[in-house]
Amino acid sequence: MTKRRLQKYVDREVQSSLLKRLCVHWCLFMVANLVAMTLWTRLIDTPTEPWEATFVMTGQRIVPFLLVSFSLAPVFIWDAIKLSNRFAGPIVRVRRALAQIADGQTPKAIEFRNGDFWKSLAHDLNRAFVKVFTSDKH
């Protein structure tokens with residue numbers, strides 16, 4: 001049975017760090033494009049015009065690019081959160097099982113959802129849990 005992901009933001013530390021990094025990269029990308037567009041306009045289109053003309057022409061050309069980029073930013077952020085859930089979610093479940101062990105409980109079998117990364121980790125931990133917790137009872 002497939003379990004649906006109801007919560008996408010499950011590990012604040014990891015997912016926030018990833019989102020911050022994504023935003024920094026996106027801002028650097030935007031600045032690089034603005035510089036490149038300005039230089040291109042100056043060197044190719046307005047080499048003899050005053051800088052003011054270069055800036056005006058760059059502004060006119062970059063506005064559609066900025067509109068599309070800002071429109072797509074929420075899609076990229078949402079997709080990054082969903083992707084990060086595929087590796088943050090499994091680790092949250094592993095930590096929960098380890099906390100149960102630390103509290104003297106026998107953990108339930110760990111199940112990762114379809115699409116999660118590290119399925120072999122769940123399999124290996126479940127094998128270890130069976131070995132450790134069934135051998136104690138004999």
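Counting only other residues whose beta carbon sits under 14 Å from that of residue 121, what net charge do I get with K and R as +1, D and E as -1? Before the final figure, lay out each step's value.
Details: positive: 86, 93, 95, 96, 113, 119, 127; negative: 111, 116, 124.
So the surrounding residues net to +4.
Report, in debye and to the nearest 20, how large the dipole of the chain comes out about its Cα centre when Lys and Arg carry +1 and Asp and Glu carry -1 on their Cβ.
Around 940 debye, computed over the chain.
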Give me the net charge of residue 18's neighbourhood, meaning all other residues with Cβ under 15 Å from the Cβ of residue 18; Lys, Arg count +1, Asp, Glu -1.
-> +3
Length added when fully stretched, residue 108-residue 69, from 0.36 nm per residue minus Cα-Cα = 9.5 nm
Of the labelled options (1) 16.0; (2) 14.8; (3) 19.1, which one gives Kirkwood radius over Cα pairs in Å as computed for this structure?
-> (3)
Applying the span-like rule to the chain (DSSP H, Cα extent along axis at least 30 Å, Kyte-Doolittle mean at least 0.0) gives 12-40, 51-102
So, by mean Cβ neighbours within 10 angstrom, what's the order for 84-90, 123-129, 25-31 with the highest one leading?
-> 84-90, 123-129, 25-31
Segment residue 127-residue 80, extension gain: residue separation times 0.36 nm, minus the distance between their alpha carbons = 13.8 nm
Considering only lysines 8 or more places apart in sequence, or on different chains, count the pairs in the chain whose C-alpha atoms sit under 30 Å apart.
-> 18
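Sum up the charges of everything whose Cβ sits under 14 Å from the Cβ of residue 99, counting Lys and Arg as +1 and Asp and Glu as -1, but leave residue 99 out.
The answer is +3.
Values in this text are rule-based calculations from the coordinates and carry no lab data. Quick caveat, the model's predicted, so the values are computed rather than measured. Note that we place each Cβ from the backbone using ideal geometry, even for glycine, and neighbour counts take in every protein chain shown.
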